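Read the structure below first, then the notes.
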Amino acid sequence: MAFPPGFLDELRSRLTLSEIVGRKVVLRRKSGAEYAGLCPFHNEKTPSFTVNDRKAFFHCFGCGEHGDAVGFIMKTENLAFPEAVEKLAREVGLAVPRATPAERERAERAATLHEVVEQAAHWFEKQLRLPVGRHGLDYLRGRGLDEATIDDFRLGFAPDSRDGLSGVLQRDGVPLDKLIEAGLVIQPDGGRPAYDRFRGRVMFPIADRRGRIIAFGGRVMGPGEPKYLNSPETPLFHKGANLYCLDRARLAAAKEVPIIVAEGYMDVIALHGAGFTGAVAPLGTALTEGQLGELWKLADEPYLCFDGDNAGRRAAGRAAERA
Ligand code: ZN
């Protein structure tokens, strides 16, 4: 996507580079608009990384890295150019111009769907802390997760009710067709009433590469089937091209942390807890070509860390053949 030149100028004029860099690098003011700090792109003990707010660029005299705010976000968060531009534009409240009416419509639809999914995530989180979510909370604690981890991964609970989520969200003004489009509600054939897809499950929100929630995985409490249920394909969610915790792994990869593919959501959360912040998992399917492509964007040699049972060996074998 091409941005009109005036738009990028407007964006740069609203940004203060030292503020953006300052979130990742401790900067000390050297003179008026000039700051220095330890370079985030190479290992060093004395600062050779400089930021100039007036010129709006950064430069490292040690390794030669150089660029503006968009470049800094691209490099440190592993984002493509348009993604970095959109992220910064959001921060300063600047609307990103869309080239064509179709593109505009797509962006608007995605924006409202994103809101619906975000509202659902928030509601699931709340239920986990209510008596109705007690089972779920006990399960997560029983698996060794502490409160901070439960909050950090935004884990939640979907009560065993046909219209828990859909009732609340519709009262909040979300139309039923949006709930269906977002994959949260199922509309059966033959005029029977619509019902919540996720019932009686611990909920794992799934984010896109930028950290916005787009879907859910739900683990059943008790003997129900299937054990794990995921959102269906939606305009936001494409299983084959995403991975659980891909957003976090991108940040980790920018710091050269190893990328590890585990089998399940709980494995990934446990790995993160143990400091392996590059851990991801496929989304209820065998590792796809699209997912392998994403992994190779992050690391030359991602590790596959599947279970030692027969299913895990088969999954590893399939992934190796696909690779
Ligand atoms: Zn450097």
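Grab the DSSP H runs of the chain that are 4 residues or longer, score each as -39,500 (n - 2.57), total them, divide by all residues and round the 222 nm result to the nearest 500 deg cm²/dmol. Before the final figure, lay out each step's value.
Values: 13 runs with 134 residues, N = 323.
Result for the chain, helices only: -12500 deg cm²/dmol.
Of interest is the spacing of the C-alpha centroids, which for the stretch 236-273 and the stretch 293-319 amounts to 12 Å. When the chain is described by a simple charge dipole with +1 on each Lys and Arg Cβ and -1 on each Asp and Glu Cβ, the residue from Gly62, Gly133, Gly173 located farthest towards its positive end is Gly62. Any idea which of Leu15, His238, Phe124 is furthest toward the positive side of the dipole for the chain, if Lys and Arg beta-carbons carry +1 and Asp and Glu beta-carbons -1? Going by the charge dipole, the pick is Leu15.
Looking at the chain only, what percent of DSSP beta bridges run antiparallel? Nearest 5 please.
Numbers: 29 of 34 bridges.
Approximately 85 percent, going by the DSSP bridge assignments.
Using a ≥ b ≥ c from the Cα gyration tensor of the stretch 1-150 (square roots of the eigenvalues), is it rounded, prolate or oblate, where a/c under 1.5 gives rounded and otherwise the larger of a/b and b/c decides, a/b for prolate? Please list the in-between numbers first.
Numbers: a/c = 3.03, a/b = 1.39, b/c = 2.17.
Note, shape of the stretch 1-150 comes out oblate.
Using the alpha-carbon atoms, what tilt in degrees (0 to 90, nearest 10) does helix 289-298 show relative to the longest principal axis of the chain? Taking Cα atoms only, the helix is inclined about 30 degrees.
Shape analysis of the chain based on the Cα gyration tensor places the equivalent ellipsoid semi-axes at 37, 25, 19 Å, largest first.
Between the helical axis of 5-14 and the longest alpha-carbon principal axis of the chain there is an angle of about 80 degrees.
Straight-distance candidates among the aspartates and glutamates for linking to Lys255, with alpha-carbon spacing under 16 Å and chain neighbours fewer than 8 residues away dropped: Glu44, Glu65, Glu77, Asp247, Asp300, Glu301. From the Cα gyration tensor of the stretch 204-323, with a ≥ b ≥ c the square roots of its eigenvalues, which class applies: rounded if a/c is under 1.5, or else prolate if a/b is larger than b/c, or else oblate? Since a/c stays below 1.5, the shape of the stretch 204-323 is classed as rounded. Separation of the alpha carbons by more than 27 angstrom is noted, of Lys178/Lys297; Lys45/Lys75; Lys30/Lys87, for Lys178/Lys297; Lys30/Lys87.
For the stretch 222-304, applying the loop criterion from DSSP together with a ceiling of 13 other beta carbons within 10 Å to the GluC sites (Glu not before Pro) yields Glu233, Glu256.
In whole percent, what relative contact order does the chain give with Cα contacts below 8 Å and a gap of six or more residues? Please list the in-between numbers first.
Details: 495 pairs, mean separation 35.0, N = 323.
11 percent.
Charging the Cβ of each Asp and Glu at -1 and of each Lys and Arg at +1, and nothing else, the dipole of the stretch 1-97 about its Cα centre rounds to 360 debye. If I build a Gaussian network model for the chain, linking alpha-carbon pairs within less than 10 angstrom, which residue out of Leu17, Leu130, Leu283 has the largest mean-square fluctuation? Sorting by GNM fluctuation, first place goes to Leu130.
Give the angle, between 0 and 90 degrees and rounded to the nearest 10, that separates the Cα long axis of helix 310-322 from the longest principal axis of the Cα atoms of the chain. Once rounded, the angle reads 50 degrees.
Evaluated at q = 0.14 Å⁻¹, the base-10 log of the normalised Debye intensity for the stretch 256-323, with identical point scatterers placed on the Cα atoms, takes the values -0.37.
In straight-distance terms, cross-link reach from Lys227 covers every one of the lysines whose alpha-carbon lies under 25 Å from its own, apart from those fewer than eight places away in the same chain; here that gives Lys126, Lys239. Shape of the stretch 122-246 from its Cα gyration tensor (a ≥ b ≥ c, root eigenvalues): rounded if a/c is under 1.5, otherwise prolate when a/b > b/c, or oblate? Oblate shape, in that a/c is at least 1.5 and b/c is the bigger or equal ratio. Net charge dipole, the chain: roughly 380 debye, given to the nearest 20, about the Cα centre with Cβ charges of +1 for Lys and Arg and -1 for Asp and Glu.
FYI, it's all coordinate maths here, none of it is from the lab. Note that the structure is a prediction, hence the values are computed from the model and not measured. Backbone-built Cβ (ideal geometry, glycine too); neighbour counts: all protein chains shown.
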